[in-house]
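The values are calculated or read from the model by the stated rules, or taken from the named source; none is laboratory data. Worth saying up front: this structure is predicted, and the values here are computed from it rather than measured. Because the Cβ atoms are built from the backbone with ideal geometry, glycine has one as well, and the counts that use them run over all protein chains shown.
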């Protein structure tokens with residue numbers, strides 16, 4: 001039976017782990033790198049490094065020197081291209097467009113070395129060390145080593161220079177991990193030249209999985225390749241499986257050496273022990289380590305993913321725009337550890353986006369705004385996704401208004417700007433600062449933020465719709481209230497119209513009655529007036545000698561003459577009163593004669609004297625002298641005074657009653673004022689607003705018509721004046737009439 005020229009030993013484990021790690025990264029870069037040139041070059045570097053690690057792994061287990069030499073020569077036919085690929089990757093990653101001819105020269109140089117790598121000038125033979133067979137370098141190998149070292153140092157120089165000059169924290173983070181990962185692995189690979197020169201030093205390049213694991217950590221934490229959260233987990237689990245597999249292989253080698261030569265029976269026991277170890281140790285250990293890694297590395301991502309999704313659910317029930325934005329910003333700044341963030345909403349009145357809410361360490365953004373016609377808004381609307389500082393660098397130079405777009409982006413000051421899209425339109429912007437830790441926004445972060453921004457847009461539109469409905473409800477309630485008031489006023493006007501109609505009908509009846517009474521009274525009043533006038537004239541014409549009797553008879557005659565003259569005057573007043581009532585009922589009187597308000601009051605008291613002369617009512621007259629005359633109707637104003645004073649007489653106590661009648665002139669307003677105060681019980685509050693309405697009375701049925709104060713109100717109104725009623729603080733009521741002085 002032929003045996004393979006392979007002997008397992010523990011020296012194979014480091015290069016084997018490096019091979020698995022590098023090939024895994026290369027596969028991820030190819031599959032998930034979205035075909036980007038920089039990712040393809042990164043995959044090429046990983047594949048070349050993986051081939052080098054595979055060669056070292058085979059060299060550790062191969063027992064045939066000829067096979068070891070052939071393996072090394074085949075491997076180096078590809079390894080020589082590490083120089084141009086690494087240089088090409090560095091130029092592409094840093095966006096260097098100058099001196100690209102160096103890349104072409106490097107590819108040509110490596111192509112020549114690849115053709116010569118199968119001869120003795122490149123690899124002369126092999127040497128055996130304690131860690132296996134290792135190729136012996138020829139003259140061209142030293143040329144390759146010198147070129148590789150120069151290229152590595154040049155690339156590291158470019159990366160370090162970019163790291164110092166770079167201002168974008170995202171790009172700085174990527175550059176830092178590229179230096180530590182790929183640069184570290186490249187430097188460690190240079191120690192592989194020591195065995196080629198005859199120095200029996202274990203090649204440190206076999207441990208290149210250590211910086212590669214650091215690079216894998218960057219891919220995990222900062223999403224350097226944009227491979228997504230679940231792929232990141234798969235990468236970590238693959239690396240974990242590789243490490244456990246290496247440990248498992250080492251355990252097999254050690255146990256095989258322990259049980260070798262003991263016998264067939266012990267060989268069977270070894271197989272049983274191996275099976276038990278797989279079932280009870282290897283698989284449970286793998287699960288426990290995976291759980292530990294989940295808690296250690298992914299707990300934060302699980303937590304804030306769960307938090308943001310719960311926030312998205314909570315926003316669906318929020319109906320206040322400010323509450324939605326404040327809750328969103330507070331959650332983002334706390335969970336994702338952001339420096340700051342703010343939300344801009346569309347101001348439809350000015351077609352601008354304005355800052356509505358902010359959170360975190362940020363100032364001077366309250367007045368910040370951007371017009372909806374900005375190229376930045378147009379680009380966000382076209383992309384329907386976020387814009388980052390990285391996107392600024394990738395915008396084509398031919399982009400219309402590129403300078404204005406970049407200026408608007410940096411004016412907003414955000415590391416990430418997300419459009420809040422609703423039904424294809426942008427109704428707001430979510431502008432976020434950098435993370436406090438300096439970490440990058442990963443693809444998972446941006447995916448969650450996009451979902452959250454769109455959910456926020458929907459929630460804001462729902463809140464706007466709710467507020468619109470609320471405003472419509474409030475406006476509807478206001479409209480109903482206004483309409484109700486209009487109907488109420490209409491009803492009041494209707495009642496007033498009905499009252500006026502009743503008044504008109506009543507006054508028409510009264511007018512007809514007064515007209516008939518006046519017609520019937522005018523003749524006897526005229527006859528009596530004529531007779532009295534004739535008697536007065538006769539008595540005045542009689543000589544004193546014809547007066548019969550003594551001096552006492554003469555005095556009685558003079559007193560009788562005075563009484564006849566007063567009777568004549570009162571008969572004339574009676575005729576005037578009847579005429580004034582007829583005029584009021586017909587609403588045909590004129591208001592052009594000069595009227596002295598003091599005389600109106602005195603005459604009214606004379607008419608009413610018989611009503612109070614036998615009582616204890618005290619009437620106080622306080623008239624202002626030189627009171628200006630007004631233009632009006634003497635008889636009608638006399639009717640006003642009669643109604644007011646008559647009501648006062650009826651209101652006060654007949655034994656202790658007191659009525660004060662006074663006049664004065666308000667020069668500033670040009671008003672002559674009449675006031676009538678009494679010490680009666682006053683006017684009840686519930687009826688004080690109704691006393692000037694027609695047919696309203698507080699008297700018992702049959703004792704009042706309810707027309708006195710109404711007629712008085714109408715007479716004062718026709719004189720362009722005002723009449724008021726109020727209760728005095730010390731008790732009693734006070735009526736006030738204001739009449740303008742004209743002419």
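For the residues 49, 95, the requirement of being under 24 Å from residue 160 (Cβ atoms) and either more than 59 Å from the chain's Cα centre (by Cα) or surrounded by 21 or more Cβ atoms within 10 Å (Cβ to Cβ) (or both) singles out 49.
When residue 665 is tested against (1) touching a helix residue (DSSP H, G or I) at 6+ places or on another chain (Cβ under 6 Å); (2) modelled with pLDDT of 90 or more, exactly one condition is not met: (1). Among the residues of this structure, residue 60 counts as one that is over 20 Å from residue 117 (Cα atoms), part of a helix (DSSP H, G or I) and in contact with a strand residue (DSSP E or B) (Cβ under 7 Å, 6 or more places away or on another chain).
Listed conditions (1) at pLDDT below 80; (2) surrounded by fewer than 20 Cβ atoms within 10 Å (Cβ to Cβ); (3) closer than 20 Å to residue 461 by Cβ are all met by residue 327, apart from (1). It is to be established whether one or more residues within the stretch 454-466 are at pLDDT 70 or above, outside the structural domain of residue 356 (by TED's automatic domain parsing), exposed (fewer than 12 other Cβ atoms within 10 Å of the Cβ) and assigned to a helix (DSSP H, G or I). Within the stretch 454-466 (the criterion being at pLDDT 70 or above, outside the structural domain of residue 356 (by TED's automatic domain parsing), exposed (fewer than 12 other Cβ atoms within 10 Å of the Cβ) and assigned to a helix (DSSP H, G or I)), the answer is yes, since at least one residue qualifies.
Restricting 106, 135 to those that are assigned to a strand (DSSP E or B), touching a helix residue (DSSP H, G or I) at 6+ places or on another chain (Cβ under 8 Å) and buried (at least 18 other Cβ atoms within 10 Å of the Cβ) reduces the list to 135. Every condition in (1) surrounded by 15 or more Cβ atoms within 10 Å (Cβ to Cβ); (2) modelled with pLDDT of 85 or more; (3) over 19 Å from residue 605 (Cβ atoms) holds for residue 681 except the one numbered (1). The condition (being closer than 19 Å to residue 186 by Cβ, surrounded by 18 or more Cβ atoms within 10 Å (Cβ to Cβ) and over 58 Å from the mean Cα position of the chain (by Cα)) is satisfied by just one residue among 17, 80, 62: 80.
In this structure, residue 433 does not qualify as over 19 Å from residue 334 (Cα atoms) and either in contact (Cβ under 8 Å) with a residue 12 or more places away in the chain or buried (at least 21 other Cβ atoms within 10 Å of the Cβ) (or both). Of note, residue 163 does not satisfy the criterion of being touching a helix residue (DSSP H, G or I) at 6+ places or on another chain (Cβ under 6 Å), touching a residue at least 60 places away in the same chain (Cβ under 8 Å) and surrounded by fewer than 20 Cβ atoms within 10 Å (Cβ to Cβ). Among the candidates 371, 343, the residue that is in the same structural domain as residue 429 (by TED's automatic domain parsing), more than 15 Å from residue 432 (Cα to Cα) and in contact with a helix residue (DSSP H, G or I) (Cβ under 9 Å, 6 or more places away or on another chain) is uniquely 371.
In the stretch 633-662, the qualifying residues are those that are out of contact with any strand residue (DSSP E or B) (no Cβ under 8 Å at 6 or more places or on another chain) and part of a loop (DSSP other than H, G, I, E, B), and the one that is modelled with the highest pLDDT is 656.
Take the residues of the stretch 687-729 that are in a loop (DSSP other than H, G, I, E, B) and modelled with pLDDT of 85 or more: which is surrounded by the most Cβ atoms within 10 Å (Cβ to Cβ)?
Restricting to residues being in a loop (DSSP other than H, G, I, E, B) and modelled with pLDDT of 85 or more, the top hit is 719.
Within the stretch 604-632, being surrounded by 13 or more Cβ atoms within 10 Å (Cβ to Cβ), out of contact with any helix residue (DSSP H, G or I) (no Cβ under 7 Å at 6 or more places or on another chain) and in a loop (DSSP other than H, G, I, E, B) holds for 615, 624, 628, 629. Filtering the stretch 565-603 to residues that are at pLDDT below 80 and in a loop (DSSP other than H, G, I, E, B) leaves 587, 588, 589, 590, 591, 592.
Yes/no matrix, rows are residues, columns are (1) outside the structural domain of residue 96 (by TED's automatic domain parsing); (2) within 22 Å of residue 17 (Cβ to Cβ); (3) in contact with a helix residue (DSSP H, G or I) (Cβ under 6 Å, 6 or more places away or on another chain); (4) at pLDDT below 80:
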{"site": "169", "(1), (2), (3), (4)": "no, no, no, yes"}
{"site": "183", "(1), (2), (3), (4)": "no, yes, yes, no"}
{"site": "213", "(1), (2), (3), (4)": "no, yes, no, yes"}
{"site": "217", "(1), (2), (3), (4)": "no, yes, no, yes"}
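Just give me the residues in the stretch 366-412 being in a loop (DSSP other than H, G, I, E, B), modelled with pLDDT of 75 or more and either surrounded by 14 or more Cβ atoms within 10 Å (Cβ to Cβ) or out of contact with any strand residue (DSSP E or B) (no Cβ under 7 Å at 6 or more places or on another chain) (or both), in sequence order. Of everything in the stretch 366-412, those that are in a loop (DSSP other than H, G, I, E, B), modelled with pLDDT of 75 or more and either surrounded by 14 or more Cβ atoms within 10 Å (Cβ to Cβ) or out of contact with any strand residue (DSSP E or B) (no Cβ under 7 Å at 6 or more places or on another chain) (or both) turn out to be 367, 368, 372, 373, 374, 385, 386.
Here is a yes/no grid of residues against (1) more than 28 Å from residue 202 (Cα to Cα); (2) in a helix (DSSP H, G or I); (3) touching a helix residue (DSSP H, G or I) at 6+ places or on another chain (Cβ under 7 Å):
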residue	(1), (2), (3)
52	no, yes, yes
66	no, yes, no
88	yes, yes, yes
121	no, no, yes
125	no, no, yes
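For the condition crowded, with 17+ Cβ neighbours inside 10 Å, in the same structural domain as residue 143 (by TED's automatic domain parsing) and farther than 21 Å from residue 178 by Cα, residue 26 does not qualify.
Selection of the stretch 335-365 for residues being in a helix (DSSP H, G or I) and touching a strand residue (DSSP E or B) at 6+ places or on another chain (Cβ under 9 Å) yields an empty set.
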